[in-house]
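The values are calculated or read from the model by the stated rules, or taken from the named source; none is laboratory data. All values reported here derive from a predicted model rather than from experimental measurement. Reconstructed Cβ throughout: ideal geometry from the backbone, glycine too, with neighbour counts over all protein chains shown. Surface areas here come from the heavy atoms of the whole protein model, side chains and all, with no ligands, DNA or RNA. Shrake-Rupley method; radii C 1.70, N 1.55, O 1.52, S 1.80 Å.
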Amino acid sequence: MTRLHVVSAATRPTSSGRPLAQWVTDRARAHGGFDVTAVDLAEVALPFLDEPEYASTGNYAHQHTRDWSALVDSADAFLFVMPMYNGGFTAPFKNALDFLYNEWKGKPVGIVSYSAGPTGGAPAAEMLLPVLTRLGMLPAEHSVAIPGIPKLIGAEGFEAPETLADELAAVLAEVAELAAQRAEERAAQAVTV
């Protein structure tokens with residue numbers, strides 16, 4: 001089964017992203033094709049990049065980096081649940097990506113963005129795509145952008161608009177397909193070696 005990490009990229013203590021990430025995690029589990037792990041960047045609590053060597057070397061001096069490396073390396077695919085601040089993605093999220101290199105390589109990724117305003121974080125998701133490509137990740141073509149997030153958080157958590165479950169299902173299906181293709185390619189390479 002594909003090991004999917006749903007990463008909540010918000011680090012603000014009052015972020016609307018946590019209830020949304022919980023909803024996304026629940027939907028991913030209901031999908032049935034994933035072994036799902038929820039990851040909260042606020043709980044990971046990485047400092048700003050403090051490694052003396054380039055991430056591509058894999059030589060990590062700090063335990064927090066080794067722990068982050070092991071967590072990311074254990075995933076086959078990712079769903080990033082990310083806020084947009086001032087038209088872009090957040091510095092803590094970019095920092096978390098920059099800590100590692102090989103651990104991200106070749107892994108499928110879906111994006112669920114959100115914002116308080118009308119764009120749903122789509123500009124931040126677009127800004128993120130070149131970074132993911134540079135890391136060698138396989139971004140899904142489908143994505144989800146959720147506008148007006150504060151109005152969707154209630155006493156019971158995230159209150160999804162009617163069509164949102166179908167939009168997320170399309171992203172999950174694509175991530176599952178990309179992960180299956182990657183697994184087949186890796187199996188074929190192992191046979192030829």
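Across segment 144-156, not a single residue is classified as touching a His at 6+ places or on another chain (Cβ under 7 Å), surrounded by fewer than 19 Cβ atoms within 10 Å (Cβ to Cβ) and modelled with pLDDT of 95 or more. All of (1) farther than 23 Å from Ala179 by Cα; (2) crowded, with 18+ Cβ neighbours inside 10 Å hold for His64 with one exception: (2).
Among the residues of segment 47-59, are any of a type in the set (A, V, I, L, M) and farther than 30 Å from Pro147 by Cβ? Yes. Among residues of segment 103-128 that are over 20 Å from Thr25 (Cα atoms) and part of a loop (DSSP other than H, G, I, E, B), those with a Cβ under 8 angstrom from a residue that is among the charged types (D, E, K, R) and open to solvent by 10 Å² or more (accessible area, probe 1.4 Å), sequence gap 6+ or separate chain, pair up as Glu103/Asp73; Gly106/Arg182. Within segment 130-147, identify whether any single residue is aliphatic (A, V, I, L, M) and touching a residue at least 60 places away in the same chain (Cβ under 8 Å), and answer yes or no. Checked against the condition, which is being aliphatic (A, V, I, L, M) and touching a residue at least 60 places away in the same chain (Cβ under 8 Å), segment 130-147 yields at least one hit. Selection of segment 12-48 for residues being modelled with pLDDT under 95, open to solvent by less than 60 Å² (accessible area, probe 1.4 Å) and among the hydroxyl-bearing types (Ser, Thr, Tyr) yields Ser15, Ser16. Among the residues of segment 135-143, are any at pLDDT 95 or above, part of a helix (DSSP H, G or I), of a type outside the set (Phe, Trp, Tyr) and open to solvent by 70 Å² or more (accessible area, probe 1.4 Å)? No, segment 135-143 contains no residue that is at pLDDT 95 or above, part of a helix (DSSP H, G or I), of a type outside the set (Phe, Trp, Tyr) and open to solvent by 70 Å² or more (accessible area, probe 1.4 Å). Filter segment 1-49 for residues that are in a strand (DSSP E or B) and acidic (Asp, Glu); which is nearest to Ala116 (Cα to Cα)? So the residue we want is Asp40. The number of residues in segment 174-193 being open to solvent by 50 Å² or more (accessible area, probe 1.4 Å) and part of a helix (DSSP H, G or I) comes to 12.
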